[in-house]
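Participant: Below is the structure I would like to discuss, written out as C-alpha cells.
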C-alpha cells in the first residue's frame, strides 16, 4: 500500500457510542442480525402463541372468548403482538432458506449475491407481513 492511498479504518473492537454511528453494516449483516432477532422474538412470544392456540381449540366458548379478546379494548395490542409473530416467523423462514441455499451451494457465497439475496429476504418477508397484517387488521 502506498503512502498516498487512503487507509481504510479497521474496526476491531466496536465502541457502541463512538463507532456504531459511522460503521456501515452491509445488508447481509443486517439480515443476519434480524434473523437472530426474529428467532428471539418467536421464543419470547411463545407463551402468547400457546395461549392463542389453546383458546382457539379448547371449545366453542373459549374460541368466542379468543375472538372477543382480539376485538375488545386491548385487541390492537394483541393484534400487534400477533403481527410481530407473523413477521418473526416469515423473516426467520425466508432468512433460513437463504442460509440453506448458501450451505448447499458454496459458489453462491459472494458479495453481490449476498447483498441481493439479503434485500430479497427483506422484501419478501416484509411484503408477506403487510399482506397478512392487512388481513389481521380486517382491511380485506
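The values are calculated or read from the model by the stated rules, or taken from the named source; none is laboratory data. Keep in mind the model is a prediction, meaning the values are calculated, not measured. Please note: Cβ atoms are built from the backbone with ideal geometry, for glycine as well, and neighbour counts cover all protein chains shown.
Participant: Give the residues of region 121-140 that are in contact (Cβ under 8 Å) with a residue 24 or more places away in the chain and over 13 Å from residue 83 (Cα atoms), sorted by residue number.
Facilitator: Residues satisfying the conditions are 121, 122, 124.
Participant: Scanning for something surrounded by fewer than 15 Cβ atoms within 10 Å (Cβ to Cβ) and either out of contact with any helix residue (DSSP H, G or I) (no Cβ under 7 Å at 6 or more places or on another chain) or at pLDDT below 90 (or both), does region 112-119 turn up at least one residue?
Facilitator: Looking through region 112-119, at least one residue is surrounded by fewer than 15 Cβ atoms within 10 Å (Cβ to Cβ) and either out of contact with any helix residue (DSSP H, G or I) (no Cβ under 7 Å at 6 or more places or on another chain) or at pLDDT below 90 (or both).
Participant: Same structure again: Does residue 55 meet the test of being within 27 Å of residue 95 (Cα to Cα), surrounded by 11 or more Cβ atoms within 10 Å (Cβ to Cβ), at pLDDT below 90 and in contact with a helix residue (DSSP H, G or I) (Cβ under 9 Å, 6 or more places away or on another chain)?
Facilitator: No; evaluated as a whole, the condition is false for this residue.
Participant: Just for helices (runs of 4 or more DSSP H) wholly inside region 25-140: which have at least 1 residues that are within 17 Å of the chain's Cα centre (by Cα)?
Facilitator: The qualifying helices (runs of 4 or more DSSP H) are 27-44, 46-57, 75-104, 111-136.
Participant: Related question: For region 90-111, name all the residues that are buried (at least 19 other Cβ atoms within 10 Å of the Cβ) and free of Cβ contacts under 8 Å to residues at least 60 places away in the same chain.
Facilitator: Passing the criteria: 90, 91, 92, 94.
Table: residues versus (1) modelled with pLDDT under 90; (2) surrounded by 11 or more Cβ atoms within 10 Å (Cβ to Cβ); (3) touching a strand residue (DSSP E or B) at 6+ places or on another chain (Cβ under 8 Å); (4) on the phi > 0 side of the Ramachandran plot.
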{"site": "13", "(1), (2), (3), (4)": "yes, no, no, no"}
{"site": "32", "(1), (2), (3), (4)": "no, yes, no, no"}
{"site": "59", "(1), (2), (3), (4)": "no, no, no, no"}
{"site": "65", "(1), (2), (3), (4)": "yes, yes, no, no"}
